[in-house]
Amino acid sequence: VAENRTNQGEIFKALPDALKDSEPWSENLEEQSHGPVFEEQPSGLIYPEGLSEGKVTLSCQARASPAASYRWLVNGSDVALGLDLRYTLVAGSLVISSPESVRDTGSYQCLAINRCGTIISRAANLKFGYLHDFPPDSRSPQTAYEGMGSFVACQPPPHYPALSYRWLINEFPNFIKKDDGRWFVSQVTGNLYVARAEPNDTGSYFCFTTINMDISTKSTFSKANQLTVLPDANPRKSAPNIKVRFPAETYALAGHTTPLECFAYGNPVPKLRWRKVDGLMPSKAGASAEGPTLVLPELSFDDEGVYECEAYNSEGSDTYQGRISVQAQPEWLQVMSDSEVEISSELTQVTHAARLKISNLALEDSGMYQCVAENKHGTIYSTAELRVQVQAPDFRSNPVRKLIPAARGGQVMIECRPRAAPKPSLFWSRGTELLTNSSRFTVTSDGILWIHNISRADEGKYTCFAENYLGKANSTGHVSVRDATKITLAPSNADINQGENVTLQCHASHDPTMDLTFTWALNGVLLDVEDSGGPYHRKENIGDLLIVNTQLSQAGVYTCMAQTVVDSASASAKLVVRGPPGPPGGLLVKNVAETSVELRWSRGYDNHSPIGKYIIMGRSSLSSQWKKMRTDPVNIEGNAESARVMGLIPWMDYEFQIIASNILGSGEPSVPSQTIRTQQAAPTVAPSGLAGGGGDRNELIVTWTPMAREYQNGDSFGYILAFRRKDATLWTVARVPHVESSRYVYYNESLTPYSPFEVKIKAYNRRGEGPFSQIAVVHSAEEEPTVGPSNINATALTAFDVQVSWEPVQQLSANGILRGYEIRYWRQHEREAAADRVRTAGLETTARVSGLRPSTRYHVAVLAYNSAGTGPPSPRTTVTTRKPPPNRPPGNVSWRTDGSLVIMRWDHVKAMHNESAVLGYKVLYKHEGQNSLKVLDKGKSSVSLPLPKDNGYVVLEIRSWGDGGDGPAHEIIVSRDSGETLKKHAPELCVVCYNDKIYREWEKQLSELKFIDL
């Protein structure tokens, strides 16, 4: 153990006492007995403080024979099992009833004991969690300014373990959303941050804290934090300022998740992105690399390094860096193993750097042994059982083989391995003849008998004798001599192309009293010839091997082995498979320039066909797809080992791979090169999408499309904007220092409305400036129109619509481009400020206003508008909408068919005094998506319409119309079938009462009528 804590030392002092109660292993114990092995060990637990009625269970279970008994330690001392009724042992687990923080907090370990030895579990810490309430005191109100950043402190109450934080605004459950980029809740301090305050942020804020324990969750929230945001008519824009910073040095544990927090104030709201300064950002970071909290799950030592958070907006950027150092709890590289060792010998156990050596072993050394490794992050145990053996020789479990077949002319090995401790003396006899080492007989030091160059005369009984100071024993076997196995047709060398089939022959002779089997091996590795779907197939009754669709990996030395239970014979042949080249190796990237790099590689295996050429594939960080690269030389010959890749993008990450080919095809690509970044260069293209216009008075707004990553060519990227009044000669130049910027606002009180400016733009980076774009003309902000339309006229069309017309405004008075007109209308008793508005989409001088109230007097005014707003209103006019149409459809609607026609009748609609007069009727005819409208004068009360020629149906709608518009419709559906059925079963009349849906018919068989009611 590299380091020993005080309480750990106390625990191990208790172990010898436990061992005194255990019997050492001896020859009297049954074979199946073994020491304890943990199947379940206790784990740390956080229990809610004050929950006195509950129970805590610390699990412990060990596999042992005979079964284990258990003891428990807390902080190195025995748990008072049997003396304190709160402690109960269930199987091996410790149950604590009514746990109390003062009495039960501590480090618990379980001891499992049987006569073979004692083991101790890992430590499990029992701790008590708590979350107190927030103080009842009121919190001081805070003030923030529109456009500025601010924060509200949580000041959480005492607690254990760590809290999670959320914030409420005004009332539950109105939580601040995590995906709102303006807000950030630190899970370290609990504080609430806002990057840019807005007036509607004014309110009461509550810090909501939650603690998660193993068996329960508790939450509480603070008193209200009153935040008032003071409005600002012209909020000042500001570059980012990072306010939430992760530690400059973070020590994190391998395998755990590590979050890093970063948040900034700024206007506009800053965006955030992360990078690893000394390497590539781990892909496991995912989308968190573009947010305020970088999350690195399953931390590994590869994740160590310096991480940078960058906050940026159109006004600038701010950065902060910190280092992550990864540490880990101990982990076994080598563990102890169970050992059975004879008495008086020596034992050495090694676990990485720790070594245990026991010399001259005695019976009392038997037992359970544990190695403990620990650091400040944790403790681990490795456990093994030592059995010291003492026994007289015994062949019962491992006798000499009774029948030992042997091949004539070959050799045979006969083992003698009795169970004995200490190690016995061994010797052999044939009949009454004691065997000693000779040219044909060899007895090894560990008792193995070898018989060489076997003949028929060697048949007979052979006995092994074993003896130590505890006793002696012997065991006998019979040697039977058989004919030798021989290869009669050996496989021949073969040379084929990839994808072809080949057969390797193999025949053999053998002793007819025994079975013969064939096996094949490739380069010493046994082949599976039984898999019908595999490439290897063996022919029945003979040893021939068929290889189907041979691949390059199947080239090599094939060995056929013919074997019986007593001997074997083998023969080998070489198979050459020609195919496309293997992957080149050792790919290096050298001499990295702005648009080119040099690649060097070593030739791969040509697979028995000369390499004809190479091609270079590459991909950038912009795409995961590999594509062929432009090279110098254009065609790379097969004897080349270097080339230059041309046409690369400056300041771009690339990786490359090489593919070799020959007359048989292209091979596998090489392992990709390490990722490199080309050198920086000045931009070579200008930004696109140059435009602008709009904005507030005295502003010139210029917009463009931000440059994509492949056109930036370097860091410290930005834009240079040049503009001048169209009649001026000198250019005004402005620098916009961030790649995401797409807009520039120039303010000057002397700017006249809608003045034309010539503008051009170029990009710059650390290495220089690029070319200017083509000149575009952009106008300064427009001024609202200064005059209104004239000759306003409003005419009522229906009860719900009016037509408004006016004389247009001259374009010269619009101080910009006239976009259209706005019609404002309001009822006579309403204020103009509450007017409804309708805008035209162009320069039309008439507009229809719909959705009005019937019989209502309206005021109407018209205004011209452009991008700056609306001009002064025209003189107002008034209009009164017409009376509404009758709100009833025609009544007593009936219909009948007459050949190819349907005749529909109805009763006239009579208008009431507050309704507009009926001027006629409209009949809408619908059939298969086609509509036709027939307008009838008010004297009509019937109409004839065609029936469809097929068996389809028509939909008929009838309504009244007049000055107030159209009244409601009555709808019926008519089909040719229904007409025929009605004619057959009833008079030529069917009446539908619209309101109460009562149906009258002139036949009793109503169920036979094909009648459709809507």
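What to note about this one:
- Scanning segment 348-406 for residues that are open to solvent by less than 60 Å² (accessible area, probe 1.4 Å), part of a strand (DSSP E or B), touching an Asp or Glu at 6+ places or on another chain (Cβ under 8 Å) and free of Cβ contacts under 8 Å to residues at least 40 places away in the same chain yields a single hit, ILE358.
- Qualifying strands (runs of 3 or more DSSP E) (wholly inside segment 936-1013; at least 1 residues being open to solvent by 90 Å² or more (accessible area, probe 1.4 Å) and at pLDDT below 85): 953-962
- Any hit, segment 767-786, residues being touching a helix residue (DSSP H, G or I) at 6+ places or on another chain (Cβ under 8 Å) and not small (Gly, Ala, Ser): yes
- Counted residues, segment 418-453 - those being out of contact with any strand residue (DSSP E or B) (no Cβ under 9 Å at 6 or more places or on another chain) and in contact (Cβ under 8 Å) with a residue 24 or more places away in the chain: 1
- Complete set of residues in segment 31-78 that are in a loop (DSSP other than H, G, I, E, B) and within 16 Å of SER101 (Cα to Cα): GLY44, GLU49, GLY50, LEU51, SER52, GLU53, GLY54, ASN75
Per-residue answers, yes or no, for (1) part of a strand (DSSP E or B); (2) polar (S, T, N, Q); (3) touching a residue at least 40 places away in the same chain (Cβ under 8 Å); (4) more than 18 Å from ASP836 (Cβ to Cβ):
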residue: VAL862; (1), (2), (3), (4): yes, no, yes, no
residue: TYR865; (1), (2), (3), (4): yes, no, yes, no
residue: LYS883; (1), (2), (3), (4): no, no, yes, yes
residue: PRO886; (1), (2), (3), (4): no, no, yes, yes
residue: PRO889; (1), (2), (3), (4): no, no, yes, yes
residue: ARG905; (1), (2), (3), (4): yes, no, no, yes
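- Segment 730-755, subset under 39 Å from the mean Cα position of the chain (by Cα) and more than 28 Å from GLN679 (Cβ to Cβ), residue surrounded by the most Cβ atoms within 10 Å (Cβ to Cβ): TYR744
- When segment 213-257 is filtered for residues that are closer than 30 Å to SER317 by Cβ and open to solvent by less than 30 Å² (accessible area, probe 1.4 Å), the ones remaining, listed by number, are LEU227, VAL229, SER238, PRO240, ILE242, VAL244, PHE246, THR250, ALA252.
- Qualifying residue in segment 13-27 (condition: of a type in the set (D, E, K, R) and modelled with pLDDT of 50 or more): no
- The listed residue being closer than 30 Å to THR678 by Cβ, touching a Pro at 6+ places or on another chain (Cβ under 7 Å) and hydrophobic (A, V, I, L, M, F, W, C), out of ILE761, ILE792: ILE761
- Test: residue in segment 691-710 that is touching a residue at least 60 places away in the same chain (Cβ under 8 Å), surrounded by fewer than 19 Cβ atoms within 10 Å (Cβ to Cβ) and part of a helix (DSSP H, G or I): yes
- Among the residues of segment 290-307, those identified as open to solvent by 20 Å² or more (accessible area, probe 1.4 Å) and outside any loop (DSSP other than H, G, I, E, B) are GLU290, THR293, VAL295, PHE301, ASP302, VAL306.
- Selection count, segment 410-447, where residues are of a type outside the set (A, V, I, L, M, F, W, C) and in contact with a Pro (Cβ under 6 Å, 6 or more places away or on another chain): 2
- The one condition in (1) modelled with pLDDT under 95; (2) open to solvent by 60 Å² or more (accessible area, probe 1.4 Å) that ASN493 fails to fulfil: (1)
Let's see how each residue does on (1) part of a loop (DSSP other than H, G, I, E, B); (2) among the aromatic types (Phe, Trp, Tyr); (3) touching a residue at least 60 places away in the same chain (Cβ under 8 Å); (4) more than 30 Å from ASN698 (Cα to Cα):
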{"position": "GLU749", "(1), (2), (3), (4)": "yes, no, no, no"}
{"position": "LYS762", "(1), (2), (3), (4)": "no, no, yes, no"}
{"position": "TYR821", "(1), (2), (3), (4)": "no, yes, no, no"}
{"position": "ARG837", "(1), (2), (3), (4)": "no, no, no, no"}
{"position": "ARG848", "(1), (2), (3), (4)": "no, no, no, yes"}
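- Residues of segment 182-195 satisfying the condition of being in contact (Cβ under 8 Å) with a residue 40 or more places away in the chain and either among the hydroxyl-bearing types (Ser, Thr, Tyr) or open to solvent by 50 Å² or more (accessible area, probe 1.4 Å) (or both): SER186, GLN187, VAL188, TYR193
- Among the conditions (1) touching a strand residue (DSSP E or B) at 6+ places or on another chain (Cβ under 9 Å); (2) in a loop (DSSP other than H, G, I, E, B); (3) over 29 Å from VAL577 (Cβ atoms), VAL645 misses just one, which is (2).
- Against the conditions (1) more than 30 Å from LEU516 (Cα to Cα); (2) modelled with pLDDT under 95; (3) among the small types (Gly, Ala, Ser); (4) crowded, with 20+ Cβ neighbours inside 10 Å, ALA643 satisfies every one except (2).
- Just one of the numbered conditions (1) of a type in the set (D, E, K, R); (2) touching a Pro at 6+ places or on another chain (Cβ under 9 Å); (3) closer than 30 Å to CYS116 by Cβ is not true of LYS55: (3).
- Tally, over segment 462-494, of residues that are assigned to a loop (DSSP other than H, G, I, E, B) and among the hydroxyl-bearing types (Ser, Thr, Tyr): 3
- Filtering THR513, THR550 for residues that are surrounded by fewer than 19 Cβ atoms within 10 Å (Cβ to Cβ), touching a strand residue (DSSP E or B) at 6+ places or on another chain (Cβ under 7 Å) and in a loop (DSSP other than H, G, I, E, B) leaves a single hit, THR513.
- Of the residues screened, THR519 is not one that is surrounded by fewer than 16 Cβ atoms within 10 Å (Cβ to Cβ) and either under 60 Å from the mean Cα position of the chain (by Cα) or not in a strand (DSSP E or B) (or both).
- Within segment 80-132, strands (runs of 3 or more DSSP E) holding 2 or more residues that are more than 27 Å from GLU364 (Cα to Cα): 87-90, 93-97, 106-114, 124-131
- Residues considered: LEU126, LEU168. Of these, the only one that is within 27 Å of VAL74 (Cα to Cα) and open to solvent by less than 70 Å² (accessible area, probe 1.4 Å) is LEU126.
- Failed criterion for ARG600 (all others in (1) part of a strand (DSSP E or B); (2) open to solvent by less than 60 Å² (accessible area, probe 1.4 Å); (3) in contact with a Leu (Cβ under 7 Å, 6 or more places away or on another chain) hold): (2)
- Top-ranked residue of segment 756-805 - restricted to ones that are more than 59 Å from the chain's Cα centre (by Cα) and of a type in the set (Gly, Ala, Ser), ranked as surrounded by the fewest Cβ atoms within 10 Å (Cβ to Cβ): SER790
- Test result for VAL335, more than 14 Å from GLY117 (Cβ to Cβ) and assigned to a strand (DSSP E or B): no
The values are calculated or read from the model by the stated rules, or taken from the named source; none is laboratory data. Since the model is a prediction, treat every value here as computed from it, not as a measurement. Virtual Cβ from ideal backbone geometry, glycine too; neighbours counted across all protein chains shown. To get the accessible areas, we keep the full protein, side chains included, count just its heavy atoms, and leave off ligands, DNA and RNA. Shrake-Rupley method; radii C 1.70, N 1.55, O 1.52, S 1.80 Å.
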